[in-house]
Amino acid sequence: ASILASMTFFSSAVVAQTIGFSQIGSESGWRAAETTLTRQEAEKRGIDLKFADAQQKQENQIRAIRSFIAQGVDAILLAPVVATGWDAVLKEAQESDIPVVLLDRQVDSSDDLYLTAVGSDLHHEGVVAGEWLVGEVGDKECNVVELQGTTGSSPAIKRKAGFEEGIAGHDNIKIVRSQTGDFTRAKGKEVMESFLKAENGGKNICALYAHNDDMAVGAIQAIKEAGLKPGSDILVVSIDAVPDIFQAMAAGEANATVELTPNMAGPAFDALAAFMDGGTVPPKFIQTESKLYTQKDDPMKVYEEKKGLGY
Ligand code: GYE
């Protein structure tokens with residue numbers, strides 16, 4: 001009976017895990033929500049989460065990963081600020097038998113250097129945004145300005161290409177200016193101010209495509225300060241679906257957003273548990289949903305629903 005009891009004890013004991021999380025920073029409301037939800041998901045699962053904020057610097061992420069390896073963590077979560085430069089440190093984790101799961105962005109490294117990547121189809125998000133604009137403007141001439149995400153990040157590269165695919169074949173729609181706003185409100189506002197000045201006070205601009213809502217919210221401020229109406233004089237389409245873009249939509253100041261769930265950690269921890277407890281190897285890409293929201297989707301109701309979800 002005692003042997004059975006001890007076996008029962010071990011089988012029921014939750015394997016408490018220590019997991020290192022190298023997070024980019026808190027450049028946007030979406031990223032802050034991702035961090036909040038990752039902490040909540042870890043708490044729920046009895047995971048000891050070691051959190052490192054890289055302040056947007058890749059060298060800080062690489063340093064954090066090396067520290068996690070030295071601590072002998074069970075697994076590592078990495079939201080990679082840019083797509084290149086990860087081979088060496090990912091090899092070091094692999095040599096220490098520590099599985100790495102990518103969150104919300106991808107890397108150019110060979111996929112045998114990480115267990116899986118959890119995220120949206122970033123290219124598709126850009127296509128959805130472009131196709132929405134095509135539907136909105138029809139064959140009217142439309143000069144578009146674009147606020148790109150962080151230079152060299154997979155979302156900036158893929159959302160740009162996706163949007164161009166979405167508007168392909170509609171020569172009346174042209175991207176006339178495109179620059180990084182680094183996914184932040186402040187930079188989005190600053191760059192939009194320069195676009196407005198360069199484009200006849202904004203009179204030449206028909207639409208803004210921003211790679212995230214935070215840059216769009218900053219740009220909306222700049223458009224209003226230039227005496228124009230965002231959402232009508234200049235259409236606004238972006239990505240993330242954070243609460244504040246729905247407030248802007250309800251005020252008629254934004255038009256469309258493509259949703260990105262901030263709960264990347266749930267699927268990541270599930271894949272790690274299945275792999276570490278049962279040896280189940282996950283697919284290399286675990287895709288999250290992308291849903292288009294427009295002013296027709298009762299924005300204040302969506303705002304209220306989203307307010308509580310980690311933002
Ligand atoms: O859209 C943005 C954050 O990596 C896809 O990063 C993510 C992006 C997200 O700064 O708000």
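What follows draws every value from the coordinates through simple rules; no lab data is involved. The structure displayed is predicted, hence computed values, not measured ones. Cβ: placed from backbone, ideal geometry, glycine included. Neighbour counts: every protein chain shown.
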Net charge contributed by nearby residues that have their C-beta within less than 9 Å of Cys142 (K/R +1, D/E -1)
0
Pairing the Cα long axis of helix 154-167 with the longest principal axis of the chain, what angle in degrees results, from 0 to 90 and rounded to the nearest 10?
40 degrees
Taking the alpha-carbon distance from Lys301 and a cut-off under 19 Å, which lysines remain once sequence neighbours fewer than 8 residues away in the same chain are dropped?
Lys291
Going through the range 113-183, which trypsin sites (Lys or Arg not before Pro) have at most 12 other Cβ atoms within 10 Å and a DSSP loop state?
Lys140
Return the calculated 222 nm mean residue ellipticity for the chain, to the nearest 500 deg cm²/dmol, obtained by summing -39500 (n - 2.57) across DSSP H runs with n ≥ 4 and dividing by the residue count.
-14000 deg cm²/dmol
Spherically averaged projected area in nm², based on the convex hull that wraps the Cα atoms of the chain
17.5 nm²
Helix 122-137: angle to the longest alpha-carbon principal axis of the chain, degrees 0 to 90, nearest 10?
20 degrees
Excluding same-chain residues fewer than 8 positions from Lys197, which lysines have a Cα within less than 21 Å of its Cα?
Lys174, Lys187, Lys189, Lys224, Lys229
Rounded to the nearest 10, the angle in degrees between the Cα long axis of helix 29-45 and the longest principal axis of the Cα atoms of the chain comes to 20 degrees
Using just the Cα positions, wrap the range 222-272 in a convex hull and report its mean projected area in square nanometres, one decimal place.
4.1 nm²
Based on the Kirkwood radius over alpha-carbon pairs, what is the Stokes-Einstein translational diffusion coefficient of the range 115-223 at 4 °C with 1.567 mPa s viscosity, in µm²/s?
93 µm²/s
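Which percentage, to the nearest 5, of the DSSP beta bridges contained in the chain is antiparallel?
5 percent
As an exercise, identify the GluC sites (Glu not before Pro) in the range 89-179 lying in DSSP coil whose Cβ has no more than 12 other Cβ atoms within 10 Å.
Answer by residue number: Glu141.
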Loop-resident trypsin sites (Lys or Arg not before Pro) in the range 261-311 with no more than 13 other Cβ atoms inside 10 Å, DSSP not H/G/I/E/B, are Lys284, Lys291
Please give me the summed charge of the neighbours of Ala254: other residues whose Cβ is under 11 Å from its Cβ, Lys and Arg +1, Asp and Glu -1.
-3
Here the Kirkwood hydrodynamic radius of the range 32-132, Cα-based and in Å, equals 14.7 Å
What list of whole percents do you get for P(r) of the range 86-141, with Cα-Cα distances grouped in 5 Å bins up to the one holding the largest distance?
4, 16, 20, 14, 10, 8, 8, 7, 6, 4, 2, 1
Cα-based convex hull, the range 151-276, per residue volume (Å³, whole number)
122 Å³
